[in-house]
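Q: This is the structure I have questions about; it appears just below.
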Amino acid sequence: MEAFYWLLFGGLAAVVAALEMSKTNRDRAATSSAFNSFKNNYLLVYSLMMAGDWLQGPYVYYLYSQYGYGKGDIGRLFIAGFGSSMLFGTIVGSLADKQGRKRASVTYCITYILSCITKHSPQYKVLMLGRILGGIATSLLFSAFESWLVAEHNKRGFEPQWLSITFSKAIFLGNGLVAIIAGLFANLLTDNLGFGPVAPFDAAACFLAIGMAVILSTWTENYGDPSESKNLVTQFKVAASAISSDTKIALLGAIQSLFEGSMYTFVFLWTPALSPNDEDIPHGFIFATFMLSSMLGSSIASRLLSRAAPKVESYMQLVFAIAAVTLLLPVITSFLVAPSTVKGGSISFGGCIQLFGFCTFEACVGIFWPSIMKMRSQYIPEEARSTIMNFFRIPLNIFVCVVLYNVNAFPMTVMFAMCSVFLFLASILQRRLMIVAESHRSKSEDWTSLKERDAEAEPLNI
């Protein structure tokens, strides 16, 4: 493996270690032992859930190809997963507000375990069923757990700012460290121990089962709105009304869809971008480097979220702008760097530039997750939290399905340019969100001051 990869990985690891070790009391909020116990329990569950997800990722496409399916058939399987998340996942995820977030989290575990089991069959219909179950599980993963955490945090009376600590640690561990370890473990099971490409899915099912046991034994139930008078249609109407009547929620949903749509498109494009002439690149090592970059981002986010300034609405404008520039690099290098015409070989100079940019983008992803979680906890009403969060995923899933269906219809540079435009738009909308939030905050403070003055003046008028 080339020294370049090791230098990049080692440099990132050194920066992450330095950031974590150099944290001062200003970067660490003073918390209670009860909160720490609660936080550690959630981090254990979240890490187990993400281990179950990350173990599968590197081998889904490979397993389908080993069963003899071509790019078209595999593409339809992926589209089925995102389509299922958009349709069935929205309904099932919304039930979490009414039927309970703990119950929805257990449903996630069961659904994803069943999806893993289907991978043992080479039959296309069974694999399609697995993708549909996986799509439903994905919607629950990105709504039920966060909704349970926010509601339980508030119910137990913990300080609101402590929520950011749990968010940033969850991303640092679940989306960073666990992802790296899961990738290496999956590689060990498949290649080194020779258990084959189904082994990571069996291991994922085991981790999910352990996580489900922890949830059943330690979590209490909480709800959004458990009233019997509200059926699913009414729940949808409440969520739609909240989005349409509150500019902050609508802007937040648009920002999330634009960023995540670009992020999922990047997942499909980074391999061909770095190896346009079938260059020999270490996919697993690059994936681990991306996850290390995400850990760097979450470490930066934990520092930013622990301080009163800058506000999350403010610094995310810059994060989106930087992300937009990084995904524009493939377009820029295509004009400024002469493309290699040699088939195979090592990564090109242009590829090295792009890889550095992609690592920067992944760092932005690491900042994005805890920051968007923080904003969602502030702006989304509790009674329809899971429903609204799944509504946010509808445009995202439509966008990804369209990209997957037309992935061969446009040049790769056009796809990256489109993602860059979306991220610049997200930066603009983020600025608008900051202005609207500050305006609402000022009006609220003025109203509070007016009520206090009236209360002070009232005894004088008697």
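Q: Wrap a convex hull around the Cα atoms of the range 260-355, take a quarter of its surface area, and give that in square nanometres. Mind dumping the intermediate values first?
A: On the way: hull surface 27.9 nm².
The orientation-averaged projected area of the Cα hull of the range 260-355 comes to 7.0 nm².
Q: Can you give me the % of accessible surface on the range 380-428 that is carbon or sulfur? Probe 1.4 Å, all protein chains present, nothing else counted. Present the calculation step by step, with values, prior to reporting the outcome.
A: Details: 1560 of 2020 Å².
Here it works out to 77 percent.
Q: Another question, if that's okay. Would you mind getting me the FRET efficiency between Met412 and Leu87? Use the beta-carbon distance for r and R0 = 22 Å, nearest 0.05.
A: Calculated transfer efficiency: 0.15.
Q: In the range 349-451, with Lys and Arg counted as +1 and Asp and Glu as -1 at Cβ, which of these residues, Phe358, Ser427, Ala437, has the Cα nearest the positive end of the dipole, that is, farthest along it?
A: The listed residue farthest towards the positive side: Ala437.
Q: Another question, then. For the range 82-156, what is the charge dipole size about the Cα centre, in debye to the nearest 20, if Lys and Arg each add +1 at the Cβ and Asp and Glu each add -1 at the Cβ? Working shown, then result.
A: On the way: 9 positive and 3 negative charges, 29 e Å.
It works out to roughly 140 debye.
Q: Same structure, new question: Given 0.36 nm per residue, what is the gain on full extension from Ala3 to Ala213 after removing their alpha carbon distance, in nm?
A: On the way: separation 210, 0.36 × 210 = 75.60 nm, distance 4.36 nm.
So the chain would gain 71.2 nm between Ala3 and Ala213.
Q: Report the charge-dipole magnitude of the range 207-358 in Debye, nearest 20, computed about the Cα centre from +1 at each Lys and Arg Cβ and -1 at each Asp and Glu Cβ.
A: Values: 7 positive and 9 negative charges, 74 e Å.
Approximately 360 debye in magnitude.
Q: Binning at 5 Å from 0, report for the range 21-138 what percent of all alpha-carbon pair distances ends up in each bin.
A: 2, 10, 16, 18, 15, 11, 8, 7, 6, 4, 2, 0
Q: Okay, moving on. Order His153, His283 by their accessible area, 1.4 angstrom probe, all chains in place, largest first.
A: Numbers: His153 0, His283 85 Å².
Result, largest first: His283, His153.
Q: Taking the Cβ-Cβ separation of His283 and Lys311 as r and a Förster radius of 30 Å, what is the calculated FRET efficiency to the nearest 0.05? Numbers along the way, then the final one.
A: Working: r = 38 Å, r/R0 = 1.28.
In this case the efficiency is close to 0.20.
Q: Read through the labelled values (1) 73, 52, 45; (2) 91, 48, 43; (3) 125, 43, 35 and report the label of the one computed as Cα extents along the principal axes in Å from the structure.
A: So the structure-derived entry is (2).
Q: Another question, if that's okay. What are the membrane-span-like helices in the chain by this rule: whole DSSP H runs, Cα extent along the axis at least 20 Å, mean Kyte-Doolittle hydropathy at least -0.5?
A: Working: long enough: 3-21 (26 Å, 1.77); 33-54 (31 Å, 0.20); 71-99 (40 Å, 0.51); 101-118 (26 Å, 0.51); 124-141 (25 Å, 1.31); 199-218 (29 Å, 1.73); 247-274 (39 Å, 1.02); 283-305 (33 Å, 1.17); 312-336 (35 Å, 1.79); 349-379 (44 Å, 0.71); 385-405 (31 Å, 1.24); 412-461 (73 Å, 0.05).
In the chain, the long hydrophobic H runs are 3-21, 33-54, 71-99, 101-118, 124-141, 199-218, 247-274, 283-305, 312-336, 349-379, 385-405, 412-461.
Q: Quick one: if the Förster radius is 60 Å, what FRET efficiency do Ala240 and His120 give, using the C-beta to C-beta distance and rounding to 0.05? Walk me through the numbers on the way to the answer.
A: Details: r = 40 Å, r/R0 = 0.67.
For Ala240 and His120, the calculated efficiency is 0.90.
Q: At most 10 other C-beta atoms within 10 Å and a DSSP loop state: those are the exposed trypsin sites (Lys or Arg not before Pro) I care about. Give me the longest piece of the chain that has none.
A: Result for the longest clean stretch: 27-342.
Q: Measure off 7 Å from each Cα along the Cα-to-Cβ vector at His440 and Ile332, then give the distance between these two points in nanometres to one decimal.
A: According to this spin-label approximation, the distance is 3.5 nm.
Q: Okay, moving on. For the range 37-154, build the charge dipole from Cβ charges (+1 Lys, Arg; -1 Asp, Glu) around the Cα centre, then report which of Trp148, Ser47, Tyr67 sits farthest towards its positive end.
A: Projecting each Cα onto the dipole axis, the largest value belongs to Tyr67.
Q: Given the options Phe416, Val402, Ala213, identify the residue whose Cα lies farthest towards the positive end of the charge dipole of the chain (+1 on Cβ of Lys, Arg; -1 on Cβ of Asp, Glu).
A: Ala213
Q: Any idea what the dipole of the chain comes to, in debye rounded to 20, about its Cα centre with Lys/Arg Cβ at +1 and Asp/Glu Cβ at -1? Numbers along the way, then the final one.
A: On the way: 33 positive and 30 negative charges, 62 e Å.
Using only the charged Cβ atoms, the result is roughly 300 debye.
Q: Turning to a different aspect of this structure: Calculate the spin-label point distance for Glu382 paired with Ala30, positioning each point 7 Å from the Cα along the beta-carbon direction, and give it in nanometres.
A: Going by the 7 Å Cα→Cβ label model, 2.7 nm.
The values are calculated or read from the model by the stated rules, or taken from the named source; none is laboratory data. This is a predicted model, so every value here is computed, not measured. Positions of Cβ are backbone-derived with ideal geometry, glycine not excepted, and every protein chain shown enters the neighbour counts. These area figures cover heavy atoms from the full protein model, side chains too; ligands, DNA and RNA do not enter into them. Shrake-Rupley method; radii C 1.70, N 1.55, O 1.52, S 1.80 Å.
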